[in-house]
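The values are calculated or read from the model by the stated rules, or taken from the named source; none is laboratory data. Owing to the predicted nature of the structure, the values given are computational and were not obtained by experimental measurement. FYI the Cβ positions are ideal-geometry reconstructions off the backbone, even for glycines, and counts take in every protein chain you see. Side chains included, ligands, DNA and RNA excluded: accessible areas come from the protein's heavy atoms. Shrake-Rupley method; radii C 1.70, N 1.55, O 1.52, S 1.80 Å.
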Protein chains: 2
Amino acid sequence: MKRIQICDTTLRDGCQAEGISFSLAGKLRLAEELDRFGIDYIEGGYAVSNPKDMAFFRRVRRRPLTRAKVTAFGSTRRKATRVAEDANVMQLLAAETDVVTIFGKAWSLHVSDVLRTTAAENRKMIGETVRYLKEKGKEVIFDAEHFFDGYKDSPAFAMSALKAAIEAGADLVVLCDTNGGSLPKEVYDMTRAVRRAAPVPVGIHTHNDSELAVANTVEAVRAGAVHVQGTVNGYGERCGNCNLCSAIPVLQIKMGLACCKPGSLTELRNLALCVEELANVRHGKKAAFVGESAFAHKGGMHVDAIKKNPRSFEHIEPEAVGNQRRVLISEWSGSSNVLLKALDLGVRGLNKSSPKVRRILEELKKFEGKGYAYEAAEASFEILIQKVLKKHKPFFDLKQFKVFVEKRGKNRRCVSEATIKVRVNGEEAHTVGEGDGPVNALDNALRKALIRFYPEIADVRLTDFRVSILDPEEATAATTRVLVESTDGEDTWGTVGVSENIIEASWEALLDSVEYKLFREEGKRRGKRKGGDSHAPADRAARGPKTGAR
Amino acid sequence: MKRIQICDTTLRDGCQAEGISFSLAGKLRLAEELDRFGIDYIEGGYAVSNPKDMAFFRRVRRRPLTRAKVTAFGSTRRKATRVAEDANVMQLLAAETDVVTIFGKAWSLHVSDVLRTTAAENRKMIGETVRYLKEKGKEVIFDAEHFFDGYKDSPAFAMSALKAAIEAGADLVVLCDTNGGSLPKEVYDMTRAVRRAAPVPVGIHTHNDSELAVANTVEAVRAGAVHVQGTVNGYGERCGNCNLCSAIPVLQIKMGLACCKPGSLTELRNLALCVEELANVRHGKKAAFVGESAFAHKGGMHVDAIKKNPRSFEHIEPEAVGNQRRVLISEWSGSSNVLLKALDLGVRGLNKSSPKVRRILEELKKFEGKGYAYEAAEASFEILIQKVLKKHKPFFDLKQFKVFVEKRGKNRRCVSEATIKVRVNGEEAHTVGEGDGPVNALDNALRKALIRFYPEIADVRLTDFRVSILDPEEATAATTRVLVESTDGEDTWGTVGVSENIIEASWEALLDSVEYKLFREEGKRRGKRKGGDSHAPADRAARGPKTGAR
């Protein structure tokens, strides 16, 4: 099987993205993860004055990677300097990596307008720098910046930049679509032309400004490129770089090329999630291959078909990239969705034509018609099923709540306070809470009221709160949907509420959240008393975060 | 210039996305926006049992679109039914659209494993349904579901499905990469084969499961497809559909093909933002062309180069798609905008480097850092400028407001009440209002308090109310942004408020809305007294809705 080298530049080009930066510890951890995954080259950062990147190179030498080569990134010498005295080139050596990547200009516009020098000097800057680094014993990767724009403008100019690097001994030349504006056909044709002329291996580096980065990489590989540069999750300046989480499975599964090490593909989703955590950004749910929605089925017909044959609506097996199939509950749902979900929840003895399944579906459609949405609120959906099956048990009785918000004078902060009266097993609790806003105050009051009856409530806190105005044209009389995510440290669950009144909508979501926690705890206790197999509710909860959390 | 038809399916396939659903009002509004943008076909929804979609078809007939044709989506007749008695087909007719889109199977796996019928019956299902709809006078679009997977499996099978539709009179056949697993080269080759064989125009419908949807669309068009289906922002099941916000500018700017109507491309970013708001999802900042980061430059070298020649790091002019260049770390490169706006407000003697312009920019940056957003709230931005220039005049003094929400018993509705005390010219007003929710009650109380001092307030009503939780992970203590749109029947203006407390955020937006109305009225009165040219403020307001309403 033909092998394609993968070069990850998350630590360099990825950090050019708006909002992305890694701590030094994060960079080191990420390098280890990339190494474990089987990435061939890790572009660790700029070998320039950036102290964090230089510290990374120093530290990574002390933690040997098993397989990946670390490469330091920098530019050719500057114009009209001697290479052995050029500060940039000295920094590249100071990084003490076995491999260095230098970029040089392959577009005359950059040479004339940005560098403000001649084509001949540009070629010298490239050639002398490559030769010098080769003499120092380095493996040298030459990134031909703006290659495709340069080639469109003048094939001779772009090729002469490559030639300068190759003649000086570059081990690999990388064709860069730096501005991300090239089309797949152009990339294919130009890469092919280079492959025919160049006696060294060719690499590809694309950007996503036209949403074509993965396609341009695929086409370059088809034209003979053997080295692919990109970033995990596609982070990168502007619209991002070629997303390795898409490019790797396309190359491997769809084009039959070997990337990384055998078997690592099933770790792809984990890698994506890990990098997301290190970067502290929320991952695109709908990311190809690794996103939470990538194998999520919503339409009733689709769900029905998937049950008959998963290939019918899945282009690959989700497990091949470490992902999993999900069935969403929505107004589009057919009885197949509901049935799968009910089974998932441990409800036995149902089939597609059970009157109970039909009733659940009817209720679901009724509530969704009112504005409820259960995709991110599986806990509320469970409570809905319990209600339809007459298995729902209220844990307390709301007598009343009152919420107050007050502002005294235009420069004073608003204060919020809530009181609540509930009845549990014939006993009454009447409490007051305050908070940053009215819902926060109500949540605090509810918690205070319930805690002496249900101490397990103490562990629960809200981790997410989202508000949608469903028909904003109705202005403040519009229907409001509130989605709440709660956690008790172990599990995470989502609930929903809908009302014209935002406080009431929030109350519904809070109520479902508390009830869900309490019936799950009750299930666990029952399970323990019986011993035996009643782990079911806990299992279910444990699956919660994966399938329903957001 | 060759024309490519655009068919938007945001209202149908887009709603299959996890977390995307539109209210009926939202669907109607979106159809109007798509029409204004110059989309050729709007696939409005499923003509099946979903009551919201059927209501959409009913309502959209009453609001004629200027250009776009609305199409209803549904399947062929089911197996072993008579077409004239098939419930699905009847629903398609009940939608009463001039155009219908039906999908049929082009992959034998689906026919055998999902439909569980024969190839011959599948062809009949397609042919009879198309013929029947043509007899009813419809323009018929045939979506060949799974065409590419079907063709890879058996070219003869896939082509026979197309042939059945064409022979029965289909006006257009659309090749669908339903599972999103095809590669650009495959799509090109197969589309070319169809173009050679088919006597009707060919369309393309791709999904993004391999992050190749836009590329596959581009390749199909290169092979001769003349009709492109996709969604705004790429919403759609699993990883989404072909993103029209990328496909349209690629086709138009890079391939020289005409899409939509002349000049609409500069509205592309507005369209993307509007759909995002209607769907109440946060747009991908790094979206190609329309994302906030798409022309944002972070690296120092890049910023320097951009200053020398923007082409050096921008593949197109940002303005071509209604976007703008940003330089990160420093403020938005918008001093020209600020300048224009200040001139608009009648502030004279400023230029781009005036200290006042710099101060406005600094304030803007400070407030944006806190979560304020002025794109949809130009009225608040004008008030901000007045404050910086010390030209702001409060029309009343807030002494206090109080908001109460109460629920008595779990089955009783919440009631909301607000009291407010304000002082105007030394006189005090203390009023109470009620409403569907707390903000509605507060708005009513405020109006009652001010009306005897400012009768013109009677005309103002809120037409839009949106809530965004900016850091939802902070749960109910998160920062909340409220956007309000108001109208007095003539003009429409947007305002914004931000606070941890949703009531306070709403108050800020209400306050700005009232102040904006009052200073505008004052300006008009002054204008009348003076006579002369002082229509300026009214003009300004009239421009509001276009630039600021959303």
(request) Answer yes if at least one residue in the range B:473-489 is of a type in the set (A, V, I, L, M, F, W, C) and more than 29 Å from the chain's Cα centre (by Cα), and no otherwise. (result) no
(message) Can you confirm whether residue A:120 is within 18 Å of residue A:195 (Cα to Cα), among the small types (Gly, Ala, Ser) and assigned by TED's automatic domain parsing to the domain that holds residue A:198?
(response) no
(message) Out of everything in the range B:490-514 that is more than 30 Å from residue A:434 (Cβ to Cβ) and more than 12 Å from chain A (Cβ to nearest Cβ), what residue ends up being nearest to the chain's Cα centre (by Cα)?
(response) B:493
(request) Working carefully through the options B:76, B:118, B:97, B:101, find the one that is at pLDDT 95 or above, farther than 25 Å from residue B:171 by Cβ and not aromatic (Phe, Trp, Tyr). (result) B:118
(message) Out of A:211, A:219, I need the residue that is without any contact (Cβ under 8 Å) to a residue 40 or more places away in the chain, in contact with a Phe, Trp or Tyr (Cβ under 9 Å, 6 or more places away or on another chain) and under 30 Å from residue A:168 (Cα atoms). Which one?
(response) A:219
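Per-residue answers, yes or no, for (1) under 21 Å from residue A:478 (Cα atoms); (2) modelled with pLDDT of 85 or more; (3) within 14 Å of chain A (Cβ to nearest Cβ):
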| residue | (1), (2), (3) |
| --- | --- |
| B:378 | no, no, no |
| B:388 | no, yes, no |
| B:395 | no, yes, yes |
| B:428 | no, yes, yes |
| B:434 | yes, yes, yes |
| B:440 | yes, yes, yes |
| B:467 | yes, no, yes |
| B:483 | yes, yes, yes |
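Which of the following residues is closer than 21 Å to residue A:104 by Cα, surrounded by fewer than 24 Cβ atoms within 10 Å (Cβ to Cβ) and in contact (Cβ under 8 Å) with a residue 24 or more places away in the chain: A:189, A:171, A:177?
A:171
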(message) Please count how many residues of the range A:87-118 are free of Cβ contacts under 8 Å to residues at least 40 places away in the same chain, surrounded by 20 or more Cβ atoms within 10 Å (Cβ to Cβ) and away from chain B (no Cβ under 14 Å).
(response) 0
(request) Among the residues of the range A:499-550, write down those that are modelled with pLDDT of 80 or more and of a type in the set (Asp, Glu). (result) A:500, A:504, A:508, A:512, A:515, A:521, A:522
(request) Scan the range B:377-397 for residues that are of a type in the set (A, V, I, L, M, F, W, C), open to solvent by 10 Å² or more (accessible area, probe 1.4 Å) and touching a residue at least 40 places away in the same chain (Cβ under 8 Å) and jot them down. (result) B:381, B:389, B:395, B:396
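With the condition being among the aromatic types (Phe, Trp, Tyr) and in contact with a Lys or Arg (Cβ under 8 Å, 6 or more places away or on another chain), I'd like the strands (runs of 3 or more DSSP E) fully within the range B:24-120 carrying at least 2 qualifying residues.
The strands (runs of 3 or more DSSP E) meeting that bar are B:41-46.
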(message) Looking for something among the charged types (D, E, K, R) and within 13 Å of the chain's Cα centre (by Cα) - is there at least one such residue anywhere in the range B:41-59?
(response) no
(request) Go through the range A:103-118 and give me each residue that's of a type in the set (A, V, I, L, M, F, W, C), out of contact with any helix residue (DSSP H, G or I) (no Cβ under 6 Å at 6 or more places or on another chain) and more than 12 Å from residue B:312 (Cβ to Cβ). (result) A:103
(message) Here is a check on your reading of the model: is residue B:299 at pLDDT 95 or above, open to solvent by less than 60 Å² (accessible area, probe 1.4 Å) and small (Gly, Ala, Ser)?
(response) no
